[in-house]
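Okay, so here's the structure we're looking at.
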Amino acid sequence: MNIIVCLKQVPKKDSIFRIGADQKWIDERDLSYEMSEADAYALEEALRQKERNGGEVVVISLGPERVRQSIKEALAKGADRAIHLNDPIFDAATDPSAIARALAAALKSESYDLIVTGLQSDDWGFAQVGLILAEELGLPSATIVMEVQPETGAVKVKRELESGWFQWVTLPMPALLTIQSGINQLRYATLKGIMAAKKKEIREVKAADLGVTAAELSSGQVIERVYFPEKTKHTEILEGKPAEVAQKLLEKLRFEARVL
């Protein structure tokens, strides 16, 4: 079974975040990066399926040169080859639709049974790229997947719903799945895997290779300003008889604080 894994590199959670001078995004000069956690679980699930059923695992990632660090990590863990969309035109694709269109353009020439992505990235957290990518490629899709069971020409998946409920769905292949974090236990790259990764292919793709223009990947979303939440305090004195104060407090807890 051939599986495509979409990976994204994001700032590390313990980074010190500062707003950029233009207030459009964070200042990236002092940041270090890592693979988005949900995508790491998607990669792990793809590798486990390959170990059970054979086939090939191909990772694809969009971003500047630093993204190769996460790509090499995926190859060291067991992925067979990689596709790196490395072009300023791709870097300008920031909203989910533009990112999905770029990935779709690169994957139309690939052969696969499954495409897996993380449920959502650790930075933007849109949880939309996978679904839009499925639409762009004309694939059936399932979200919040907790278990994957391949069948003949199809895949059966367990989806997480609300309040502890789950749903089993069967999709024809090829299909796209967005994987929930915690579906499995992540592996570490071995020394043997790290050495083997040096010989694996990382195919760099430019926008011109796909016939994609900047206009086609223009973002429909514009960030006006990024800022840290402002912390404020508010004190209100409730006056009246004890019964009246208790009633007022109950109403505020129920309708304003919404804790009851």
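What to note about this one:
- Checking the stretch 40-57 against the condition returns no match, with no residue being under 19 Å from the mean Cα position of the chain (by Cα), more than 15 Å from residue 113 (Cβ to Cβ) and of a type in the set (Val, Ile, Thr).
- Contact map, the stretch 96-118: first residue modelled with pLDDT under 90 and polar (S, T, N, Q), second residue surrounded by fewer than 20 Cβ atoms within 10 Å (Cβ to Cβ) and outside any helix (DSSP H, G or I), Cβ cut-off under 9 Å, separation 6 or more or different chains; pairs are 97/128; 97/219; 97/220; 97/221.
- Selection count where residues are surrounded by 10 or more Cβ atoms within 10 Å (Cβ to Cβ) and either touching a helix residue (DSSP H, G or I) at 6+ places or on another chain (Cβ under 7 Å) or not polar (S, T, N, Q) (or both), scope the stretch 233-256: 12
- Subset of the stretch 71-92 that is more than 13 Å from residue 61 (Cβ to Cβ) and either touching a Leu at 6+ places or on another chain (Cβ under 8 Å) or touching a residue at least 40 places away in the same chain (Cβ under 8 Å) (or both) - its residue that is surrounded by the fewest Cβ atoms within 10 Å (Cβ to Cβ): 92
- Summed over the stretch 206-227, the residues that are aliphatic (A, V, I, L, M) and either modelled with pLDDT of 90 or more or assigned to a helix (DSSP H, G or I) (or both) give a count of 3.
- Among the residues making up the stretch 197-233, those that are hydroxyl-bearing (Ser, Thr, Tyr) and touching a residue at least 24 places away in the same chain (Cβ under 8 Å) are 213, 218, 219, 227.
- Number of the condition not met by residue 4 [criteria: (1) assigned to a strand (DSSP E or B); (2) more than 26 Å from residue 148 (Cα to Cα); (3) not charged (D, E, K, R)]: (2)
- Across the stretch 174-232, the qualifying residues are those that are of a type in the set (Val, Ile, Thr) and under 22 Å from the mean Cα position of the chain (by Cα), and the one among them that is surrounded by the most Cβ atoms within 10 Å (Cβ to Cβ) is 179.
The values are calculated or read from the model by the stated rules, or taken from the named source; none is laboratory data. None of these values were measured; they are calculated from a predicted model. Glycine gets a Cβ as well: all are built from the backbone with ideal geometry, and neighbour counts include every protein chain shown.
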